[in-house]
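Beneath this line is the structure, given in structure tokens, with notes to follow.
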Amino acid sequence: MREWEWIQVATRGITHPRTPRDRVPVRMRRSRYDITKRTLDLVIAIPLLVLLLPLYPFVALAIWLDSPGSPLFCQQRVGKAGRPFTLLKFRSMVCGADPRLHEQYVHRLMVEEEPAAQSLAGSMYKVGRDPRVTRVGRILRTTSIDEWPQLWNVLRGEMSLVGPRPDLPYAVSEYASWQRKRLEVLPGITGLWQVSGRSRLSPLAMMRLDVRYVEERSLWLDIRILARTLPLVLRMRDAC
């Protein structure tokens with residue numbers, strides 16, 4: 001099945017006319033969806049956190065031996081409705097890494113004309129061959145282990161398992177009006193673009209998939225994205 005076929009199957013019938021579901025007000029449908037999705041987040045995130053928690057000290061030790069400093073990386077990100085929150089990750093860069101390289105890279109992506117931006121395929125704003133990334137950090141990124149602490153963000157209600165990746169304040173300040181639609185939902189650990197090409201997609205393509213997810217989100221689509229995420233992570237497909 002091609003990349004877009006499963007998305008069309010997952011979203012089929014969402015806006016189909018003349019169904020009892022369409023007679024329910026949109027606000028009520030969204031409210032039910034939000035409650036059900038929050039329940040799904042907790043049902044999955046709590047057991048996962050309990051399962052992975054014993055491995056955290058070993059990951060932290062590997063990070064510290066490779067690059068002394070705190071194994072956790074805390075960074076302010078922009079969440080739903082533009083509210084800031086502190087994102088947690090296992091540190092994959094040297095301590096005190098200069099953020100200016102990344103800021104310049106993000107600015108160039110956001111202001112480039114579309115043909116040029118389309119040629120910059122890679123994970124969302126990750127600088128290719130970034131000299132700040134440590135040896136252990138590359139492994140953490142390739143295996144997505146660096147994202148494990150974000151389960152705590154999910155438990156706190158700052159993130160969801162599925163949604164657009166939480167963006168940086170200086171990136172959000174560069175958003176065009178259509179890109180701000182990403183901020184209408186909770187950011188997620190995985191999302192539509194991660195299972196539709198991941199590092200093979202350009203930043204603009206990733207943004208469009210995020211917006212499409214916001215417009216067509218449903219519990220069924222969330223389940224399909226979660227089901228496709230696990231094999232991709234295990235195979236480390238298209239990881240950076």
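Coordinate-derived values only; no laboratory data. For clarity, every value in this text was computed on a predicted model and none was experimentally measured. Here Cβ is always computed from backbone atoms with ideal geometry, including for glycine, and neighbour counts include all displayed protein chains.
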Taking a label point 7 Å from the Cα of Ile44 along Cα-to-Cβ, the residues of the stretch 201-218 whose backbone nitrogen sits under 15 Å from it are 217-218
How many nm separate the modelled label positions at Leu230 and Tyr175, each set 7 Å beyond the Cα in the direction of the Cβ?
3.2 nm
By the C-alpha gyration tensor axes a ≥ b ≥ c (rounded if a/c is under 1.5, else prolate when a/b exceeds b/c, else oblate), the shape of the stretch 145-240 is rounded
Can you tell me how much longer the chain between Ile223 and Arg156 gets when fully stretched, taken as 0.36 nm per residue apart minus their C-alpha distance, in nm with one decimal?
22.0 nm
With Cβ to Cβ distances under 10 Å as the rule, what net charge do the other residues near Glu158 carry (K, R +1; D, E -1)?
+4
Work out Dmax and Rg for the stretch 142-183 from the C-alpha atoms and quote the Rg first, both in angstrom.
12.5, 34
